[in-house]
Structures are given as C-alpha cells and as structure tokens.
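Heads up: the structure comes next, in structure tokens.
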C-alpha cells in the first residue's frame, strides 16, 4: 500500500470512464425505484434515526425520481465534503477502503429488475443510494467511515485484519442501531433498505447489545438472512471516539494470531 502514490485511488484504472448515465434509465428502472421507495419509506419515520430522516430531506430523494449523482454530489460536497463515486459493482477491498478514505462513497448505477424486487445477491443502486447516501450528510458518521477505512488501508494485505474490521463496518454502517429518546432507531443501510429487517431488527426477537468494539470484532455475521444480534450506539460521536479502541483491539487480536 505504501508503494502507491498518495492519491492513487483517483487514477485507478478500475474507475476510469465510469459515470452515471442518467438518460439511460428505462421506464422500468423508474418504476422499480418508485415501488421500492414507496414500499419502504412509510416504515421509516417511526423506525429510522433522525440523522437518516434529515438526510433524506437534505439529499432530496423522492419516489418519482431516481437519485441523480451529479446533483447529489453538489449537495454532499457542501454538506460534509463527500461525493459519490461510480463503481462497476462489488470491488476489491483496496479500492473500496481507498475510496472511503478519500471521502468518496462507492456506488453502482444499475437497478434491480421487477422480478428481483425482494432479493438480490449483490447490492444495487437502490441500496447504495436510498439506504447509504442520506447518512453521508452526518459529519461524525462520515468522519468515522473515513478513519475506519484508513485503518483498513494500513492492513490491506492482511485478510484476517480486514475481516475483523469488516465486522465493525457490518455491525455499524450496514446493520447498526442507535438509541434516540430512549427508543431503538435504525441507521444501518442493510436494514434501511429492507422492509422485513426494519421490522425484525426493532422487535424483541433478535438480541440487542450496547456498542462494544471487542465483542463486535469477535462476532461473525450473516449475509444470507437477518442478523440475530444488533449493536446499539448512543450517538454518532461514539463511533468516531471508538477509533483508538478499534486500532488497539485489532493490534491485540492480530498479535494473538502470530
């Protein structure tokens, strides 16, 4: 990693000539976005974090218009200094964390088909945009995301280290809960884009734990069904303030493997 130039990510050949071709979206694409938006958004005023709901207003997402990255980037750059970077789909860890560390959120531009409304093996643009991008307006959240990715880049050639840090990412950015006014709310994108998991995650069925770096880094997660455990933060500053502990526990766990 150290052999790469400082801003290597901006000239990476895997990203060249990739952009959102907004005029290429079909009537079916707009219908899919509208169906998914209208199916999930009514669940969120009582379920989602204030930061997410405020973010939806800031980025101006609506049911009738697929997210436009050019417009979105103007808003995000003025709000938190972030932008969206188009990627071809799932990308390698070095590029994923490299983009995040440069305050660029990687997103695909393709939308699922009508027959794929309920399940996808690979996240599409609805997940990337609807679920993730409103949270990019929250400064402590994006500061945490940037610095966590910086830690990952230091260990990018160590698969075990990346797995441990991916658990932090998974149980916060993708499947995190927050306590607001004494009630559980959702900020994790993997839940926010799923009507089923929105209801399940806030129910009494799964276990809810206070945010605990060590416990998370020792916790495996599920990719093919709802989580059975969720971790709850008190506020977004807590995530950022936990970064030194994340580094310390990571070094400890890596040392125990030698």
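Laboratory data are not the source of any read-out in this text; all were calculated from the coordinates shown. What you see is a predicted model, and the numbers here were worked out from it, not measured in a lab. Cβ placement follows ideal geometry from the backbone for every residue including glycine, while neighbour counts extend to all protein chains displayed.
The table for this structure:
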quantity	calculated
Cα→Cβ-extended label distance, 7 Å offset, between residue 203 and residue 31, nm	3.1
Separation in nanometres of the label points that stand 7 Å from Cα toward Cβ, at residue 79 and residue 12	2.4
The stretch 113-212: mean projected area of Cα convex hull, nm²	8.0
Relative intensity, log₁₀ I(q)/I(0), of the stretch 9-256 from a Debye sum that treats every alpha carbon as a point, q = 0.12, 0.14 Å⁻¹	-0.68, -0.94
MRE, 222 nm, helices only [DSSP H, n ≥ 4, -39500 (n - 2.57), over the chain, to nearest 500]	-12000 deg cm²/dmol
Relative packing of 227-233, 28-34, 180-186, which averages over residues the other C-beta atoms within 10 Å, highest first	227-233, 28-34, 180-186
Pairwise FRET efficiency - residue 221 versus residue 254, Cβ, R0 = 30 Å, nearest 0.05	0.95
